[in-house]
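These notes concern the structure reproduced below.
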Amino acid sequence: MQYADVLGNAIAARSEAVAKGIDDFVDGLLSYETRAANILAAAEAEPENTLANVYAAMLWMFLEAPDAAERATPFLARAEMGAGHASRRALLALAFTKAWAADDIPRAESIGAQINAEFPRDLVIAKLRQYFAFNQGDHPAMLRIAEQVWGANQDVAQMHGMIAFAYEQCHLLGDAEAAARRALDLKAKEPWAQHALAHVMLTQGRIDEGARFLEAARASWTDLNSFMLTHNHWHLGLFYLSQGRFDEAVGLYDSAIWGADKSYSQDQIGAVSYLARLELAGADVGDRWGDLADHLAARAHDAVQPFLSLQYLYGLARAARPEADALLASIRQTPETAPPYARKAWSDVALPAAEGLVAYARDLFGVAVEQLGKALPRLTEIGGSHAQRDLFEQIHLDALIRAGENIAAQQALELRRRYDPNGFPLNTALADIYGKLGLPKEASRAAARAAATRAAH
(Lines give C-alpha, C1' and ligand atoms only; values in the text may rest on other atoms or scores of the structure.)
Protein backbone atom coordinates (compact mmCIF):
# COMPACT_ATOMS: atom_id res chain seq x y z
CA MET A 1 0.00 0.00 0.00
CA GLN A 2 1.02 3.58 -0.56
CA TYR A 3 1.35 6.06 2.30
CA ALA A 4 3.18 9.35 2.74
CA ASP A 5 5.52 10.62 5.43
CA VAL A 6 5.06 13.92 7.27
CA LEU A 7 6.80 15.75 4.42
CA GLY A 8 4.63 14.17 1.72
CA ASN A 9 7.25 11.73 0.44
CA ALA A 10 5.78 8.44 -0.79
CA ILE A 11 6.07 5.39 1.48
CA ALA A 12 5.40 1.81 0.41
CA ALA A 13 4.38 -0.46 3.28
CA ARG A 14 2.15 -3.47 3.82
CA SER A 15 0.68 -2.07 7.01
CA GLU A 16 -0.21 1.28 8.50
CA ALA A 17 1.92 0.43 11.55
CA VAL A 18 5.06 0.07 9.44
CA ALA A 19 4.27 3.27 7.55
CA LYS A 20 3.90 4.97 10.94
CA GLY A 21 7.29 3.60 12.01
CA ILE A 22 8.88 5.06 8.88
CA ASP A 23 7.19 8.39 9.46
CA ASP A 24 8.31 8.37 13.09
CA PHE A 25 11.88 8.00 11.87
CA VAL A 26 11.58 10.91 9.45
CA ASP A 27 9.91 13.34 11.82
CA GLY A 28 11.78 12.00 14.85
CA LEU A 29 15.17 12.38 13.21
CA LEU A 30 14.43 15.95 12.14
CA SER A 31 12.95 16.77 15.56
CA TYR A 32 15.65 14.96 17.62
CA GLU A 33 12.98 12.82 19.28
CA THR A 34 13.26 9.29 20.63
CA ARG A 35 10.47 8.03 18.37
CA ALA A 36 12.97 7.84 15.52
CA ALA A 37 13.97 4.50 17.05
CA ASN A 38 10.53 3.10 16.17
CA ILE A 39 12.02 2.37 12.76
CA LEU A 40 13.70 -0.74 14.19
CA ALA A 41 10.37 -2.42 14.92
CA ALA A 42 9.07 -1.36 11.50
CA ALA A 43 12.09 -2.91 9.78
CA GLU A 44 11.63 -6.14 11.73
CA ALA A 45 7.94 -6.26 10.84
CA GLU A 46 8.67 -5.93 7.10
CA PRO A 47 12.17 -7.28 6.41
CA GLU A 48 11.55 -6.91 2.68
CA ASN A 49 10.77 -3.19 2.97
CA THR A 50 13.78 -1.44 1.48
CA LEU A 51 13.16 2.03 2.87
CA ALA A 52 12.36 0.81 6.39
CA ASN A 53 15.56 -1.21 6.50
CA VAL A 54 17.65 1.58 5.02
CA TYR A 55 16.38 3.92 7.72
CA ALA A 56 17.11 1.31 10.40
CA ALA A 57 20.67 1.07 9.05
CA MET A 58 20.96 4.86 9.23
CA LEU A 59 19.94 4.76 12.87
CA TRP A 60 22.74 2.33 13.64
CA MET A 61 25.26 4.47 11.78
CA PHE A 62 24.51 7.27 14.23
CA LEU A 63 26.14 5.07 16.86
CA GLU A 64 29.38 6.80 15.77
CA ALA A 65 31.47 3.85 16.93
CA PRO A 66 33.77 1.26 15.33
CA ASP A 67 30.97 -1.30 15.17
CA ALA A 68 28.35 1.03 13.70
CA ALA A 69 28.69 -0.29 10.14
CA GLU A 70 28.61 -3.86 11.42
CA ARG A 71 25.33 -3.13 13.21
CA ALA A 72 23.92 -1.51 10.08
CA THR A 73 24.97 -4.28 7.67
CA PRO A 74 22.12 -6.78 8.33
CA PHE A 75 19.55 -4.08 7.62
CA LEU A 76 21.34 -3.07 4.42
CA ALA A 77 21.36 -6.72 3.34
CA ARG A 78 17.60 -6.97 3.87
CA ALA A 79 17.11 -3.67 2.05
CA GLU A 80 18.99 -5.17 -0.92
CA MET A 81 16.72 -8.23 -0.89
CA GLY A 82 13.67 -6.04 -1.32
CA ALA A 83 15.23 -3.80 -3.95
CA GLY A 84 13.38 -5.45 -6.83
CA HIS A 85 10.13 -3.75 -5.88
CA ALA A 86 11.50 -0.63 -4.18
CA SER A 87 10.95 2.94 -5.35
CA ARG A 88 13.70 4.98 -6.96
CA ARG A 89 13.98 7.15 -3.84
CA ALA A 90 14.41 4.06 -1.66
CA LEU A 91 17.05 2.64 -3.99
CA LEU A 92 18.99 5.89 -3.99
CA ALA A 93 18.74 6.01 -0.19
CA LEU A 94 20.12 2.47 -0.11
CA ALA A 95 23.11 3.44 -2.25
CA PHE A 96 23.65 6.52 -0.09
CA THR A 97 23.67 4.50 3.13
CA LYS A 98 25.92 1.78 1.73
CA ALA A 99 28.47 4.46 0.85
CA TRP A 100 28.16 5.90 4.36
CA ALA A 101 28.68 2.49 5.95
CA ALA A 102 31.76 1.99 3.74
CA ASP A 103 33.09 5.37 4.98
CA ASP A 104 33.01 6.68 1.41
CA ILE A 105 31.57 10.03 2.42
CA PRO A 106 32.36 11.79 -0.88
CA ARG A 107 30.28 9.17 -2.74
CA ALA A 108 27.49 9.41 -0.17
CA GLU A 109 27.39 13.18 -0.64
CA SER A 110 27.27 12.81 -4.42
CA ILE A 111 24.32 10.42 -4.19
CA GLY A 112 22.67 12.64 -1.59
CA ALA A 113 22.88 15.65 -3.88
CA GLN A 114 21.19 13.60 -6.61
CA ILE A 115 18.42 12.55 -4.20
CA ASN A 116 17.74 16.11 -3.14
CA ALA A 117 17.73 17.30 -6.74
CA GLU A 118 14.99 14.78 -7.53
CA PHE A 119 13.27 14.72 -4.14
CA PRO A 120 13.76 18.11 -2.44
CA ARG A 121 11.28 17.19 0.31
CA ASP A 122 13.59 14.38 1.46
CA LEU A 123 14.96 16.28 4.43
CA VAL A 124 16.36 13.13 6.03
CA ILE A 125 18.95 13.05 3.26
CA ALA A 126 19.55 16.80 3.46
CA LYS A 127 20.03 16.51 7.22
CA LEU A 128 22.55 13.71 6.80
CA ARG A 129 24.43 15.62 4.13
CA GLN A 130 24.71 18.52 6.56
CA TYR A 131 25.94 16.08 9.20
CA PHE A 132 28.72 14.87 6.89
CA ALA A 133 29.73 18.43 6.02
CA PHE A 134 29.68 19.41 9.70
CA ASN A 135 31.98 16.52 10.61
CA GLN A 136 34.50 17.75 8.03
CA GLY A 137 34.27 21.39 9.05
CA ASP A 138 32.78 22.37 5.68
CA HIS A 139 30.27 24.93 6.88
CA PRO A 140 29.67 26.57 3.48
CA ALA A 141 28.60 23.10 2.27
CA MET A 142 26.08 22.97 5.11
CA LEU A 143 24.59 26.19 3.77
CA ARG A 144 24.65 25.01 0.13
CA ILE A 145 22.81 21.84 1.10
CA ALA A 146 20.16 23.80 2.98
CA GLU A 147 19.75 26.24 0.12
CA GLN A 148 19.33 23.38 -2.38
CA VAL A 149 16.11 22.26 -0.68
CA TRP A 150 15.07 25.57 0.85
CA GLY A 151 12.52 26.57 -1.74
CA ALA A 152 10.53 23.34 -1.43
CA ASN A 153 10.32 23.37 2.37
CA GLN A 154 9.21 26.82 3.46
CA ASP A 155 6.42 25.31 5.54
CA VAL A 156 8.74 23.04 7.54
CA ALA A 157 10.01 24.37 10.87
CA GLN A 158 12.98 22.00 10.85
CA MET A 159 14.09 23.38 7.48
CA HIS A 160 14.45 26.82 9.02
CA GLY A 161 16.35 25.28 11.94
CA MET A 162 18.69 23.51 9.54
CA ILE A 163 19.51 26.64 7.59
CA ALA A 164 19.78 28.67 10.81
CA PHE A 165 22.59 26.50 12.12
CA ALA A 166 24.34 26.55 8.72
CA TYR A 167 24.17 30.35 8.71
CA GLU A 168 25.56 30.47 12.25
CA GLN A 169 28.48 28.20 11.43
CA CYS A 170 29.25 30.50 8.47
CA HIS A 171 29.25 33.49 10.88
CA LEU A 172 26.13 34.93 9.23
CA LEU A 173 24.60 35.64 12.61
CA GLY A 174 21.79 37.97 11.55
CA ASP A 175 20.54 35.46 8.99
CA ALA A 176 20.91 32.68 11.55
CA GLU A 177 18.78 34.46 14.14
CA ALA A 178 16.09 35.35 11.62
CA ALA A 179 15.86 31.74 10.39
CA ALA A 180 15.82 30.33 13.92
CA ARG A 181 13.05 32.67 14.99
CA ARG A 182 11.05 31.76 11.87
CA ALA A 183 11.40 28.09 12.81
CA LEU A 184 10.15 28.81 16.32
CA ASP A 185 7.21 30.77 14.92
CA LEU A 186 6.22 27.65 12.97
CA LYS A 187 6.93 25.24 15.83
CA ALA A 188 7.78 26.50 19.31
CA LYS A 189 9.25 23.10 20.17
CA GLU A 190 12.00 23.07 17.53
CA PRO A 191 15.15 22.21 19.50
CA TRP A 192 17.64 22.62 16.65
CA ALA A 193 16.44 26.18 16.09
CA GLN A 194 16.65 26.84 19.83
CA HIS A 195 20.18 25.46 19.67
CA ALA A 196 21.11 27.68 16.72
CA LEU A 197 19.78 30.75 18.51
CA ALA A 198 21.77 29.83 21.62
CA HIS A 199 24.89 29.75 19.43
CA VAL A 200 24.12 33.22 18.11
CA MET A 201 23.60 34.63 21.59
CA LEU A 202 26.80 33.05 22.91
CA THR A 203 28.84 34.36 19.99
CA GLN A 204 27.44 37.86 20.38
CA GLY A 205 27.99 37.93 24.15
CA ARG A 206 24.27 38.05 24.91
CA ILE A 207 24.89 35.91 27.97
CA ASP A 208 22.03 36.94 30.24
CA GLU A 209 19.55 36.88 27.35
CA GLY A 210 20.80 33.45 26.31
CA ALA A 211 20.38 32.02 29.79
CA ARG A 212 16.84 33.38 30.05
CA PHE A 213 15.98 32.08 26.58
CA LEU A 214 17.11 28.53 27.28
CA GLU A 215 15.60 28.50 30.76
CA ALA A 216 12.25 29.33 29.19
CA ALA A 217 12.76 26.79 26.38
CA ARG A 218 13.46 23.91 28.78
CA ALA A 219 9.75 23.27 29.26
CA SER A 220 9.57 22.17 25.60
CA TRP A 221 12.42 19.65 25.85
CA THR A 222 10.17 16.63 26.08
CA ASP A 223 10.62 13.34 24.21
CA LEU A 224 14.03 14.46 22.95
CA ASN A 225 16.82 12.02 22.27
CA SER A 226 19.72 12.05 24.71
CA PHE A 227 21.98 14.13 22.46
CA MET A 228 19.57 17.00 22.00
CA LEU A 229 18.42 16.97 25.61
CA THR A 230 21.93 17.00 27.04
CA HIS A 231 23.37 19.34 24.40
CA ASN A 232 20.85 22.12 24.88
CA HIS A 233 21.44 21.86 28.64
CA TRP A 234 25.17 22.04 27.82
CA HIS A 235 24.56 25.36 26.11
CA LEU A 236 22.60 26.60 29.12
CA GLY A 237 25.55 25.61 31.30
CA LEU A 238 27.93 27.73 29.19
CA PHE A 239 25.83 30.77 29.96
CA TYR A 240 25.84 29.89 33.66
CA LEU A 241 29.63 29.61 33.63
CA SER A 242 30.04 33.03 32.07
CA GLN A 243 27.72 34.44 34.71
CA GLY A 244 29.78 32.89 37.50
CA ARG A 245 26.90 30.66 38.60
CA PHE A 246 29.21 27.76 39.38
CA ASP A 247 26.95 25.87 41.78
CA GLU A 248 24.14 25.87 39.22
CA ALA A 249 26.54 24.94 36.43
CA VAL A 250 27.85 21.95 38.36
CA GLY A 251 24.32 20.97 39.33
CA LEU A 252 23.32 21.04 35.68
CA TYR A 253 26.04 18.52 34.87
CA ASP A 254 24.64 16.12 37.46
CA SER A 255 20.98 16.61 36.64
CA ALA A 256 20.87 17.07 32.87
CA ILE A 257 24.18 16.88 31.02
CA TRP A 258 25.56 13.52 32.17
CA GLY A 259 23.37 10.52 32.70
CA ALA A 260 20.80 10.35 29.91
CA ASP A 261 22.80 7.72 27.95
CA LYS A 262 26.28 7.21 29.35
CA SER A 263 27.21 4.88 26.49
CA TYR A 264 26.49 7.31 23.66
CA SER A 265 29.25 9.19 21.84
CA GLN A 266 27.67 12.63 21.89
CA ASP A 267 26.63 12.39 25.53
CA GLN A 268 30.16 11.37 26.45
CA ILE A 269 31.92 14.18 24.62
CA GLY A 270 29.41 16.68 25.97
CA ALA A 271 30.26 15.55 29.49
CA VAL A 272 34.02 15.68 28.82
CA SER A 273 33.97 19.16 27.36
CA TYR A 274 31.62 20.46 30.04
CA LEU A 275 33.67 19.07 32.95
CA ALA A 276 36.80 20.54 31.37
CA ARG A 277 35.14 23.93 31.06
CA LEU A 278 34.00 23.79 34.67
CA GLU A 279 37.57 23.20 35.78
CA LEU A 280 39.01 25.84 33.47
CA ALA A 281 36.53 28.35 34.90
CA GLY A 282 37.63 27.51 38.43
CA ALA A 283 34.76 25.31 39.60
CA ASP A 284 35.33 22.26 41.78
CA VAL A 285 34.21 19.10 39.97
CA GLY A 286 35.11 16.67 42.75
CA ASP A 287 35.54 13.07 41.63
CA ARG A 288 33.33 13.33 38.55
CA TRP A 289 36.18 12.56 36.14
CA GLY A 290 36.42 9.05 37.55
CA ASP A 291 32.82 8.16 36.83
CA LEU A 292 33.02 9.60 33.33
CA ALA A 293 36.25 7.78 32.56
CA ASP A 294 34.66 4.46 33.57
CA HIS A 295 32.38 4.90 30.56
CA LEU A 296 35.09 6.29 28.28
CA ALA A 297 37.31 3.26 28.87
CA ALA A 298 35.48 1.36 26.11
CA ARG A 299 36.72 4.04 23.67
CA ALA A 300 40.38 3.02 24.12
CA HIS A 301 40.68 2.20 20.40
CA ASP A 302 37.90 4.40 19.01
CA ALA A 303 39.37 6.51 16.23
CA VAL A 304 36.25 6.80 14.07
CA GLN A 305 35.90 10.59 14.11
CA PRO A 306 38.77 12.89 15.14
CA PHE A 307 36.55 15.39 16.93
CA LEU A 308 35.07 12.65 19.10
CA SER A 309 38.32 10.79 19.70
CA LEU A 310 40.13 13.88 20.96
CA GLN A 311 37.54 14.39 23.65
CA TYR A 312 37.50 10.75 24.68
CA LEU A 313 41.28 11.05 24.93
CA TYR A 314 41.22 14.13 27.11
CA GLY A 315 38.68 12.60 29.48
CA LEU A 316 40.78 9.46 29.86
CA ALA A 317 44.02 11.39 30.30
CA ARG A 318 42.50 13.82 32.78
CA ALA A 319 41.32 10.85 34.87
CA ALA A 320 44.83 9.34 34.58
CA ARG A 321 43.45 6.19 32.98
CA PRO A 322 45.83 3.85 31.13
CA GLU A 323 43.36 3.68 28.24
CA ALA A 324 44.53 7.17 27.30
CA ASP A 325 47.83 5.72 26.08
CA ALA A 326 46.00 3.08 24.06
CA LEU A 327 43.79 5.68 22.40
CA LEU A 328 46.72 7.98 21.72
CA ALA A 329 48.47 5.05 20.02
CA SER A 330 45.39 4.44 17.87
CA ILE A 331 45.24 8.11 16.89
CA ARG A 332 48.92 8.02 15.93
CA GLN A 333 48.21 5.09 13.60
CA THR A 334 44.98 6.39 12.07
CA PRO A 335 46.49 8.74 9.43
CA GLU A 336 47.81 5.61 7.68
CA THR A 337 44.47 3.81 7.66
CA ALA A 338 41.90 6.61 7.33
CA PRO A 339 40.07 7.04 4.02
CA PRO A 340 41.74 9.58 1.72
CA TYR A 341 39.25 12.37 2.41
CA ALA A 342 40.07 12.28 6.15
CA ARG A 343 43.83 11.66 6.25
CA LYS A 344 44.96 15.29 6.45
CA ALA A 345 42.54 16.01 9.27
CA TRP A 346 43.96 13.11 11.24
CA SER A 347 47.65 13.69 10.49
CA ASP A 348 47.87 17.48 10.48
CA VAL A 349 45.24 18.41 13.06
CA ALA A 350 44.03 15.57 15.24
CA LEU A 351 47.45 14.07 15.92
CA PRO A 352 49.17 17.22 17.25
CA ALA A 353 46.00 18.12 19.14
CA ALA A 354 46.02 14.68 20.75
CA GLU A 355 49.65 15.04 21.79
CA GLY A 356 48.88 18.47 23.22
CA LEU A 357 45.82 17.34 25.17
CA VAL A 358 47.68 14.46 26.81
CA ALA A 359 50.60 16.75 27.62
CA TYR A 360 48.25 19.27 29.23
CA ALA A 361 46.52 16.59 31.31
CA ARG A 362 49.98 15.50 32.53
CA ASP A 363 51.09 19.05 33.41
CA LEU A 364 53.54 19.33 30.51
CA PHE A 365 52.32 22.79 29.66
CA GLY A 366 55.12 23.85 27.29
CA VAL A 367 54.54 20.75 25.18
CA ALA A 368 50.80 21.39 25.28
CA VAL A 369 51.28 24.96 24.02
CA GLU A 370 53.50 23.76 21.18
CA GLN A 371 51.38 20.83 20.04
CA LEU A 372 47.96 22.47 20.39
CA GLY A 373 49.39 25.54 18.69
CA LYS A 374 50.09 23.43 15.61
CA ALA A 375 46.50 22.22 15.46
CA LEU A 376 44.49 25.34 16.30
CA PRO A 377 44.80 27.18 12.95
CA ARG A 378 43.20 24.22 11.14
CA LEU A 379 40.95 22.93 13.90
CA THR A 380 37.84 23.44 11.78
CA GLU A 381 38.87 20.42 9.69
CA ILE A 382 38.09 17.93 12.47
CA GLY A 383 34.43 18.99 12.69
CA GLY A 384 32.36 20.18 15.59
CA SER A 385 30.82 23.60 16.08
CA HIS A 386 32.60 26.83 16.98
CA ALA A 387 31.36 26.53 20.55
CA GLN A 388 32.46 22.92 20.83
CA ARG A 389 35.93 23.47 19.36
CA ASP A 390 36.42 26.35 21.76
CA LEU A 391 37.33 23.72 24.36
CA PHE A 392 40.69 23.25 22.62
CA GLU A 393 41.23 27.02 22.48
CA GLN A 394 40.54 27.24 26.21
CA ILE A 395 42.93 24.41 27.06
CA HIS A 396 45.64 26.03 24.93
CA LEU A 397 45.03 29.34 26.67
CA ASP A 398 45.26 27.76 30.12
CA ALA A 399 48.47 26.02 29.05
CA LEU A 400 49.88 29.41 28.06
CA ILE A 401 49.02 30.79 31.48
CA ARG A 402 50.48 27.80 33.31
CA ALA A 403 53.62 27.93 31.17
CA GLY A 404 54.13 31.57 32.15
CA GLU A 405 53.44 32.89 28.65
CA ASN A 406 51.72 35.96 30.06
CA ILE A 407 52.00 38.19 26.99
CA ALA A 408 50.40 35.62 24.71
CA ALA A 409 47.78 34.90 27.37
CA GLN A 410 46.84 38.60 27.66
CA GLN A 411 46.41 38.85 23.91
CA ALA A 412 44.23 35.76 23.74
CA LEU A 413 42.10 36.78 26.71
CA GLU A 414 41.39 40.25 25.37
CA LEU A 415 40.43 38.82 21.99
CA ARG A 416 38.01 36.49 23.77
CA ARG A 417 36.54 39.43 25.68
CA ARG A 418 35.07 40.72 22.43
CA TYR A 419 32.31 38.10 22.68
CA ASP A 420 32.19 37.65 26.44
CA PRO A 421 32.89 41.18 27.72
CA ASN A 422 31.70 40.67 31.27
CA GLY A 423 32.34 36.96 31.68
CA PHE A 424 33.31 36.05 35.23
CA PRO A 425 35.97 33.40 34.48
CA LEU A 426 37.49 35.42 31.66
CA ASN A 427 37.80 38.64 33.65
CA THR A 428 39.10 36.76 36.67
CA ALA A 429 41.88 35.36 34.48
CA LEU A 430 42.56 38.79 33.01
CA ALA A 431 42.89 40.31 36.48
CA ASP A 432 45.52 37.71 37.31
CA ILE A 433 47.44 38.17 34.06
CA TYR A 434 47.46 41.97 34.29
CA GLY A 435 48.80 41.65 37.83
CA LYS A 436 51.63 39.46 36.58
CA LEU A 437 52.33 41.94 33.77
CA GLY A 438 52.66 44.85 36.19
CA LEU A 439 49.45 46.58 35.06
CA PRO A 440 47.52 47.15 38.30
CA LYS A 441 44.96 49.53 36.79
CA GLU A 442 43.93 47.00 34.16
CA ALA A 443 43.97 44.25 36.76
CA SER A 444 41.63 46.27 38.95
CA ARG A 445 39.26 46.97 36.06
CA ALA A 446 39.11 43.30 35.10
CA ALA A 447 38.51 42.27 38.71
CA ALA A 448 35.72 44.84 38.99
CA ARG A 449 34.01 43.44 35.88
CA ALA A 450 34.22 39.93 37.30
CA ALA A 451 32.85 41.04 40.67
CA ALA A 452 29.97 42.91 39.05
CA THR A 453 28.98 39.87 37.00
CA ARG A 454 29.10 37.58 40.04
CA ALA A 455 27.06 40.04 42.11
CA ALA A 456 24.39 40.32 39.40
CA HIS A 457 23.69 36.60 39.54
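The values are calculated or read from the model by the stated rules, or taken from the named source; none is laboratory data. Only a predicted model underlies this, so the values are computations on that prediction, with no experimental measurement involved. Cβ: placed from backbone, ideal geometry, glycine included. Neighbour counts: every protein chain shown. Just so you know, the surface numbers come from the protein's heavy atoms only, side chains and all, with ligands and any DNA or RNA stripped out. Shrake-Rupley method; radii C 1.70, N 1.55, O 1.52, S 1.80 Å.
Quick notes on this one:
- Test: residue in segment 108-128 that is at positive phi, open to solvent by 10 Å² or more (accessible area, probe 1.4 Å) and under 21 Å from the mean Cα position of the chain (by Cα): no
- Residues of segment 22-50 that turn out to be farther than 26 Å from His160 by Cβ and either touching a Pro at 6+ places or on another chain (Cβ under 6 Å) or open to solvent by less than 20 Å² (accessible area, probe 1.4 Å) (or both), as a count: 5
- Count of residues meeting criterion [free of Cβ contacts under 8 Å to residues at least 60 places away in the same chain and either surrounded by 14 or more Cβ atoms within 10 Å (Cβ to Cβ) or of a type outside the set (Ser, Thr, Tyr) (or both)] in segment 415-457: 27
Matching residues to (1) at pLDDT 95 or above; (2) surrounded by 18 or more Cβ atoms within 10 Å (Cβ to Cβ); (3) out of contact with any Gly (no Cβ under 6 Å at 6 or more places or on another chain); (4) among the β-branched types (Val, Ile, Thr):
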| position | (1), (2), (3), (4) |
| --- | --- |
| Leu229 | yes, yes, yes, no |
| His233 | yes, yes, yes, no |
| Phe246 | yes, yes, yes, no |
| Ala249 | yes, yes, no, no |
| Trp258 | yes, yes, yes, no |
| Gly286 | yes, no, yes, no |
| Ala300 | yes, yes, yes, no |
| Tyr314 | yes, yes, yes, no |
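- Candidate set: segment 129-164, residues that are among the aromatic types (Phe, Trp, Tyr) and either open to solvent by 40 Å² or more (accessible area, probe 1.4 Å) or without any contact (Cβ under 8 Å) to a residue 40 or more places away in the chain (or both); chosen: the one nearest to Asp103 (Cα to Cα): Phe132
- Of all residues in segment 61-75, those satisfying the criterion of being surrounded by fewer than 21 Cβ atoms within 10 Å (Cβ to Cβ), without any contact (Cβ under 8 Å) to a residue 60 or more places away in the chain and not hydroxyl-bearing (Ser, Thr, Tyr) are Met61, Phe62, Asp67, Ala69, Glu70, Arg71, Pro74.
- Inside segment 288-297, residues that are more than 20 Å from the chain's Cα centre (by Cα) and surrounded by fewer than 21 Cβ atoms within 10 Å (Cβ to Cβ) make up a count of 5.
- First in segment 195-219 and free of Cβ contacts under 8 Å to residues at least 40 places away in the same chain and closer than 12 Å to Leu238 by Cα, second anywhere and part of a helix (DSSP H, G or I) and of a type in the set (D, E, K, R), Cβ under 8 Å, 6 or more apart: Met201/Glu209
- Residue among Glu323, Glu355 that is surrounded by fewer than 23 Cβ atoms within 10 Å (Cβ to Cβ), at negative phi, more than 23 Å from the chain's Cα centre (by Cα) and at pLDDT 95 or above: Glu323
- Qualifying residue in segment 336-347 (condition: closer than 27 Å to Leu238 by Cβ and surrounded by fewer than 21 Cβ atoms within 10 Å (Cβ to Cβ)): no
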